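The values are calculated or read from the model by the stated rules, or taken from the named source; none is laboratory data. These numbers were taken from a predicted model, which means no experiment stands behind them. Quick reminder, even Gly has a Cβ in these numbers, built from the backbone with ideal geometry, and neighbours come from all protein chains shown.
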Amino acid sequence: MLEDAGLESKARQRIGRHAPANCPRWAKHDDWRTRIYENSLLLAVTGIFFATWLVESLNNWREFNDDTQQHGGQPVGWVGYLGNADFWERTLENWQSEFLAVGTMVVFTIYLRQRGSPESKPVGAPHDETASTRASRAGASRS
């Protein structure tokens, strides 16, 4: 439900002293380990993002210097390349295609359905229904 949005209580998140016996080990603590574990998805995705951006920049820098040298120019250092228009053009073109792909999937999943898929809403579900609204309706119908 909308009022449940946010960090929620430790009891609701089942961490620290509220953790069940079979929970992940780092969720049982109430210290820095839990802070890392409760943000592990953000940390992992951010790390992957910066690692791939670094690898992409190194590869594009190499290609840029190869092309520059073939045309009689002087190669630039990696830090210098990061300020070059070529780096930003390639980066933004890549991001544009990724945002287009992800954005398309977000919009498609609001309006389109795939029967039998656990990632899809039921075929007859309203467009504005989310997993939390479906759960609250199910709870209300049981009462």
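Report whether or not residue 131 is more than 22 Å from the chain's Cα centre (by Cα), loosely packed, with under 10 Cβ neighbours inside 10 Å, at pLDDT below 90 and not charged (D, E, K, R). Taking the combined requirement at face value, the residue does not satisfy it. Please verify whether residue 70 is exposed (fewer than 10 other Cβ atoms within 10 Å of the Cβ), without any contact (Cβ under 8 Å) to a residue 12 or more places away in the chain and either within 30 Å of residue 127 (Cα to Cα) or not aliphatic (A, V, I, L, M) (or both), treating the condition exactly as stated. Spelling it out, residue 70 is indeed exposed (fewer than 10 other Cβ atoms within 10 Å of the Cβ), without any contact (Cβ under 8 Å) to a residue 12 or more places away in the chain and either within 30 Å of residue 127 (Cα to Cα) or not aliphatic (A, V, I, L, M) (or both).
Reported count of residues in region 30-44, each being farther than 20 Å from residue 20 by Cβ and surrounded by fewer than 10 Cβ atoms within 10 Å (Cβ to Cβ), is 3. Only one entry in 61, 26 is assigned to a helix (DSSP H, G or I), at pLDDT below 90 and surrounded by 10 or more Cβ atoms within 10 Å (Cβ to Cβ), namely 26.
Looking at region 59-81, which of its residues are under 21 Å from residue 95 (Cα atoms) and in contact with a helix residue (DSSP H, G or I) (Cβ under 7 Å, 6 or more places away or on another chain)? Those that are under 21 Å from residue 95 (Cα atoms) and in contact with a helix residue (DSSP H, G or I) (Cβ under 7 Å, 6 or more places away or on another chain): 60, 61, 64, 78, 81. Close Cβ contacts (under 9 Å, 6 or more residues apart or on different chains) running from residues in region 42-56 that are in a helix (DSSP H, G or I) to residues that are hydrophobic (A, V, I, L, M, F, W, C) comprise 43/36. Looking only at residues in region 71-88 that are in contact with a Ser or Thr (Cβ under 8 Å, 6 or more places away or on another chain) and not in a loop (DSSP other than H, G, I, E, B), which one is nearest to residue 58 (Cα to Cα)? Result: 78.
Taken together, the residues in region 93-116 that are surrounded by fewer than 11 Cβ atoms within 10 Å (Cβ to Cβ) and either more than 30 Å from residue 126 (Cα to Cα) or among the polar types (S, T, N, Q) (or both) amount to 4. Within region 73-91, the set of residues being surrounded by 10 or more Cβ atoms within 10 Å (Cβ to Cβ) and not small (Gly, Ala, Ser) comprises 75, 76, 78, 81, 82, 84, 86, 87, 88, 89, 90, 91.
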